[in-house]
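**Q** The structure follows.
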Amino acid sequence: MPNQKKLFLRALAGETLPTPPIWLMRQAGRYLPEYRATRAEAGSFLDLCYNPDLACEVTLQPLRRYDFDAAILFSDILVIPQALGQHLAFKQGEGPQLDPIRDEAGLSRLNIDKIHDVLAPVYETVSKLSSAIPDHTALIGFAGAPWTVATYMVEGKGSKDFANIRRFAYGDPAGFSKLIDILVEATTQYLLAQIKAGAETIQLFETWGGVLSENGFHRWVIEPTRKIVANIKAVHPDMPIIGFPRGAGLHLMDFKNLTGVDAVGLDSGVPLKWVAENLQKLGPVQGNLDPMYLITGGDEMLAEARRILDMLGKGPFIFNLGHGITPETSPENVGKLVEFIRRGE
Ligand SMILES: Cc1c2[nH]c(c1CCC(=O)O)Cc1[nH]c(c(CCC(=O)O)c1C)Cc1[nH]c(c(CCC(=O)O)c1C)Cc1[nH]c(c(C)c1CCC(=O)O)C2
């Protein structure tokens, strides 16, 4: 699209730009004092997610400071289980808590028919954002990929070994696939509604795919992602979709080839020479500064950003982190990183 002015969308369409566009996963969050103030005003994190005015405000906060090339809808991947009827709470300092679903019988608690009633405020946030963001900024909608959302639904919280979900998936694949099928359908409907409300691209977060066996990765990561991408492209053939399969390692080529995503997000561990010679030949890549560098800062941060630019800047590329910003991040270091990327030095 020669007339497309948004750098982010040009890179996603496959253009190699002299200066890559930049945004950061979790760019709205607790590292910003203005976020903490708005969250306090909202009451709780979930109240914030379902308050279109305040969710819009926290999405805009990092744009005001850093003028990122993309805004990402402020919400969470766990609004889907909540909309399906699973109880969800965020306890201070403990992360998400859900009533776990450990077997096929537990699926009877889920109901896909009313998801839009719960999710309507999220669509309203997207719609407000699409008129509130600057003209040169792209609007990203998102969802968790089915496997990653299922980890929270089955474990009931964050996990270190993912024993319950692996037991369910490997021990009763037919029962487990019913959960994944529900998530494919709910996620498709959710993302189509975000697109209708104004999202210009979609990112699918697959944070925990790396814990699966080889066959498991194909069945529970690649296949559900392929279905969601196909469902969206059936309605919006030109909608760019970014997949972020964290920890996918040697599966990255299959992930790109078999799912049909337009661009692939890279975690910080992926060897960049291999990316430049293989994955990036197939389409745009996004990543992959270790978010810890935004805490440590200084010349080491800039040297690592330089290395990433040198390795990936000769092809279609979007600068980002290898995972989300953490609350300990220094807002000043974020400013220095953005300035460095924009100056190219
Ligand atoms: C696994 C996952 C979740 N949520 C998300 C993922 C996938 C990406 C990743 O791995 O980071 C994705 C997510 N979560 C949030 C966004 C908003 C958009 C953005 O700025 O990137 C996005 C895209 C806000 C959030 N989601 C959450 C916060 C912090 C909530 C707070 O204000 O206390 C934010 C800003 C809470 C959350 N949400 C989740 C957890 C495990 C937690 C608790 C951890 C923590 O406290 O940092 C689930």
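The values are calculated or read from the model by the stated rules, or taken from the named source; none is laboratory data. Every value quoted in this text rests on a predicted model; they were computed, and no experiment measured them. Every residue, glycine as well, gets a Cβ built from its backbone with ideal geometry; the counts of neighbours run over all protein chains shown. Just so you know, the surface numbers come from the protein's heavy atoms only, side chains and all, with ligands and any DNA or RNA stripped out. Shrake-Rupley method; radii C 1.70, N 1.55, O 1.52, S 1.80 Å.
**Q** Counting only protein heavy atoms and using a 1.4 Å probe, what share of the accessible area of segment 1-127 belongs to carbon plus sulfur, as a whole percent?
**A** 49
**Q** To test your reading of the geometry: what angle, between 0 and 90 degrees and rounded to tens, separates the Cα axis of helix 223-235 from the longest principal axis of the chain?
**A** The two axes meet at around 70 degrees.
**Q** To test your reading of the geometry: what angle, between 0 and 90 degrees and rounded to tens, separates the Cα axis of helix 33-42 from the longest principal axis of the chain?
**A** 30
**Q** Per residue, what volume in Å³ does the Cα convex hull of segment 286-339 take up?
**A** Given the Cα convex hull of segment 286-339, per-residue volume reads 67 Å³.
**Q** Sticking with this structure for a sec: Using the scaling law 2.2 N^0.38 Å as the reference, what is the normalised Cα Rg of segment 196-269?
**A** Here the Cα radius of gyration is 1.08 times the empirical estimate.
**Q** Can you pull out the trypsin sites (Lys or Arg not before Pro) in segment 1-36 that DSSP calls coil and that have at most 12 other Cβ atoms within 10 Å?
**A** When the trypsin sites (Lys or Arg not before Pro) of segment 1-36 are filtered for loop state and at most 12 Cβ neighbours within 10 Å, 5 remain.
**Q** Rank 74, 152, 84 by how far each Cα sits towards the positive end of the charge dipole of segment 42-180 (+1 on Lys, Arg Cβ; -1 on Asp, Glu Cβ) and give me just the farthest.
**A** In segment 42-180, that residue is 152.
**Q** What is the P(r) of segment 1-114, as percent of Cα-Cα pairs per 5 Å bin from 0?
**A** Spelled out per bin, shortest first, that is 2, 10, 16, 16, 14, 13, 11, 10, 6, 2, 0.
**Q** Could I ask something else about it? As an exercise, identify the trypsin sites (Lys or Arg not before Pro) in segment 97-205 lying in DSSP coil whose Cβ has no more than 10 other Cβ atoms within 10 Å.
**A** Answer by residue number: 160.
**Q** Could I ask something else about it? Could you give me the radius of gyration and the Dmax of the chain, taking only the C-alpha atoms into account and expressing both in angstrom?
**A** Cα only, the chain: 19.1, 57 Å (Rg, Dmax).
**Q** Right, another one. Given a 1.4 Å probe, how much area per residue of segment 1-121 is accessible, in Å²?
**A** For segment 1-121, the solvent-accessible area averages 46 Å² per residue.
**Q** Per residue, how much accessible area does segment 257-345 show when a 1.4 Å probe rolls over the protein heavy atoms, in square angstrom?
**A** 42
**Q** Okay, next question. Looking at segment 40-148, which GluC sites (Glu not before Pro) are in a loop (DSSP not H, G, I, E or B) and have at most 16 other Cβ atoms within 10 Å?
**A** 94
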